[in-house]
Amino acid sequence: MPSETKHHSNRRSGFRLIPRLTYANVVSTLALFLALGGVAYATNSLPGQSVGPRQLKDGAVRTGKIANRAVTRVKIRRGAIRYAHLNRKLVRRLSGRRGPQGPQGPRGAVGPVGPAGVAGRDGTDGRDGSTGPIGPQGVAGATGSTGPAGASGATGATGVTGAAGDDGLDGATGATGVTGIAGPIGMTGPTGVTGPAGAGDLELVEVVTPYSNLPPGASFALWADCPGSKTVVSGGFAGGPGTTQAYQSYPSSTQIGGTPLDRWRIAVYNPSASNQSGNVSVYALCQD
C-alpha cells in the first residue's frame, strides 16, 4: 500500500487504485513480498503458492514491509478497496476542491394528503374587543299587524287635586220647560195679622247704553240713577245685540260721600276674540 508520509510521488497513482483494492489481494501480495524481502529460508525451501491468507496472522503484514510500487492496480481486484479501508489523512489529501453547486432539480410531485390530525382543545376566550362605531340607521321595516289588546292594568292611585281654574263663561239660558199640571187648590188659610204700612211707591228706571267696535278683552261701566230723593232697593242688567259679559253689578251713590244709595252700577267686557258692537241695559228699582 502507498505511504502517505514517505512517497508523495504515489499520490496520483494511489488515487487511481482506490476503487480496485481488495482485502484479499492486499494480504496475498504483502505475504509474497514479505517472503522475498527478509526470510531466506522460506524463499529457498517453500514451494510456490504455498503461503496464502490462511497461513498469515492478522496484523503480520504492515506498510513498512511492502516495497515501493510493489502493489499496482493490476494486482488489486476491482471493488476490493472501499472508502472505509482508506487512511483518513490520505482521503483528505486526495480530496479535490468542492465543485460549484449544481442547478436545482425539478420539483417533485405533490404527495398524498395526510390524515387529519386530532382536533386540539379549545383555547381560552379572548378579551372583549372595544365597541365599534354605531352603524348607519337601517331602512324602516314594514308596519306589522296590530297585536291583540293587552289586559287592562290596575287602576292607579288618585292624583293630587289640581288648583281651581278660572271661572268659565256663563252658558246660554236654556229653553223654558213644559208647564207642569196644576195641583189641587188648597184649603183657605186663616187670615193673617195686618202688617204695618208699606213704603212709598216703587219705580223702575232703565238705561240703555250702546257700544261699537269693543276690542277683545276691553270693558266699560254704566249705571241707572233713581230720580229725585228716591233710593235704590235693587237692580240688574240685560244684554242686547253683541257679545258682552257683566263682571260687576252693585248699588252705589251719586254723592261723593257714598250716601244715599241712589244708583245701580254694572261693568261689562268683551270675552270674544273679535270686536263687538251692540247695547246693554241697566235697571234700578227705586222707592221713596
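The values are calculated or read from the model by the stated rules, or taken from the named source; none is laboratory data. What you are looking at is a predicted structure, and each value in this text was computed from that prediction instead of being measured. Heads up, the Cβs are rebuilt from the backbone with ideal geometry, glycines too, and the neighbour counts pull from every protein chain shown. The accessibility values were calculated without ligands, DNA or RNA, using every heavy atom of the protein model including side chains. Shrake-Rupley method; radii C 1.70, N 1.55, O 1.52, S 1.80 Å.
Results, tabulated for the structure shown:
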item	result
Which of LYS57, LYS65 is most accessible, then next, and so on - probe 1.4 Å	LYS57, LYS65
Computed accessible area, LYS75, all protein chains, 1.4 angstrom probe, square angstrom	100 Å²
Per-pair calculated FRET efficiency, R0 = 51 Å: ARG97 and ALA60 via Cβ, rounded to 0.05	0.85
Chain lengthening between VAL113 and ALA175 when straightened (0.36 nm per residue, less Cα-Cα)	11.7 nm
Column: log10 I(q)/I(0), Debye, Cα scatterers of segment 126-169, q = 0.17, 0.30 Å⁻¹	-0.84, -1.14
FRET efficiency for ASN275 and GLU203, using Cβ-Cβ distance with R0 set to 35 Å, rounded to 0.05	0.45
Chain lengthening between VAL233 and ARG77 when straightened (0.36 nm per residue, less Cα-Cα)	39.0 nm
Between segment 111-131 and segment 215-243, the Cα center-to-center distance that results, in Å	102 Å
Set of aspartates and glutamates with alpha-carbon distance to LYS89 below 14 Å, sequence-local pairs under 8 removed	GLU4
Approximate spin-label separation GLN255-ASN68, in nm, with each point projected 7 Å along Cα-to-Cβ	18.3 nm
Inter-site label distance for TYR247 and ALA163 at 7 Å from Cα along Cβ, in nm	1.7 nm
Where ARG69, ARG54 fall by accessible area, highest first, once all protein chains stay in place (1.4 Å)	ARG54, ARG69
